[in-house]
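One structure below.
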Amino acid sequence: MTDSYVVMEDHTFVIPVYMESPYLEACIQSLCSQTVKSKIIITTSTPSMFSRNIAAAYNLPYLVNQTDATDVTSNWNFALSKSDTKLVTIAHQDDIYEKNYAEVVIKQVSNYNKKDLLIAFTNYTDMIDGKLRGFSLNALVKNILLLPFFFTKKIRSIFFKKLILVFGNPICCPTVTFNMEMLKTFKFNREYRCVLDWYAWYELAQKPGAFLYVNDKLIKRRLHLDSGTAHLINNGEKRQDELRVFELIWGKRFAKIISSIYTLGYKDNLL
């Protein structure tokens, strides 16, 4: 547990809590242990004494979405709407943030014109049963898709921003920090349940402004069979949503081929 502390004025970690994750407190501890102290808030559409008590123990604001649905899209939109800083990271409740995540990202963002920046995102490591994963097909594919960032940390070109997204989603959502000065009217699209982040990046890629990539592994992304991603893979919703985005990009003929190849990486999320 921690007492209240002085926070950075420019950055917020907002945790959109869903139900009762056994990993929530570990996530909060990683945010409280940051070398640069950012504001931390909890939002939820599924309030419970479990999450209320954890929020109280760490002196964190606990904001309940009482007017919207409980789907992930509305949860994330509500989370963003309750953050009042220029930079916002949607911290996923199962994940662990390295203690220098905020320091590194804020420093990198400060090196660029914020009025020209849409999002900043980092690299990450998968974690299974508390152990870090080495090689994975998913990681290999995502590194290939991010090759344009080999030449520069920041990409402003609409063509190259779209290029990194046309064969799949290499941007891991919990690593993303949003520049709300540029994204005041931004909302995740409720038509997508599983790939709302990928569709959001593709939408943003077509707008003026830059993507910034910090190629440091600053998050441990927890994979487990009870995760939302695993459930959506098992019930087929994830593949259907991904196919819709591929059709948007490539048309129906090529979308099916690309989607079939892309889904080979599912086994990495199903352990």
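Quick notes on this one:
- Cross-link partners of Lys82 among lysines (Cα-Cα below 18 Å; sequence separation of 8 or more within a chain): Lys39, Lys184, Lys187
- Net +/- balance of residues flanking Glu247 in space, Cβ distance below 14 Å, scoring K and R +1, D and E -1: +2
- Bridge type composition, the chain - antiparallel percent by DSSP, nearest 5: 35
- Cross-link pairs beyond the 22 Å C-alpha cut-off, checked among Lys37/Lys207; Lys107/Lys142; Lys99/Lys220: Lys37/Lys207; Lys107/Lys142
- With only the Cα atoms considered, the stretch 11-269 has a convex hull volume of 122 Å³ per residue.
- Across Gln108, Gln66, Gln29, mean-square fluctuation computed from a Gaussian network of the chain (C-alpha pairs under 10 Å connected) peaks at Gln66.
- For the stretch 105-175 versus the stretch 31-89, the spacing of their alpha-carbon centroids is 24 Å.
- Charge context of Pro61, other residues only, Cβ under 10 angstrom, K/R +1, D/E -1: +2
- The convex hull built on the alpha-carbon positions of the stretch 126-192 has an orientation-averaged projected area of 6.7 nm².
- Reachable aspartates and glutamates from Lys161, criterion Cα separation under 20 angstrom, eight or more residues apart if same chain: Asp116, Glu181, Asp197, Glu203, Asp216, Glu242, Glu247
- The helix-based estimate of mean residue ellipticity at 222 nm for the chain, built from -39,500 (n - 2.57) per DSSP H run of four or more residues and divided by its residue count, is -10500 deg cm²/dmol to the nearest 500.
- Those lysines that a straight Cα-Cα span of less than 19 Å connects to Lys252, excepting residues fewer than 8 apart in one chain: Lys162, Lys238
- Phi angles across the stretch 76-83 convert, under the Karplus curve 6.51 cos²θ - 1.76 cosθ + 1.60 with θ = phi - 60°, into 3J(HN,Hα) values of 5, 5, 4, 4, 5, 5, 9, 9 Hz, Gly and Pro given as x.
- Given the chain, longest segment not containing exposed loop chymotrypsin sites (Phe, Trp or Tyr not before Pro) (DSSP; at most 13 other Cβ within 10 Å): 6-134
- Largest to smallest principal axis extent of the C-alpha atoms in the stretch 52-180, angstrom: 45, 40, 30
Just so you know, all these numbers are worked out from the coordinates, no wet-lab data involved. Note that this is a predicted model, so its numbers are computed, not measured. Counting neighbours? That spans all protein chains shown, and the Cβs are built from the backbone with ideal geometry, glycine included.
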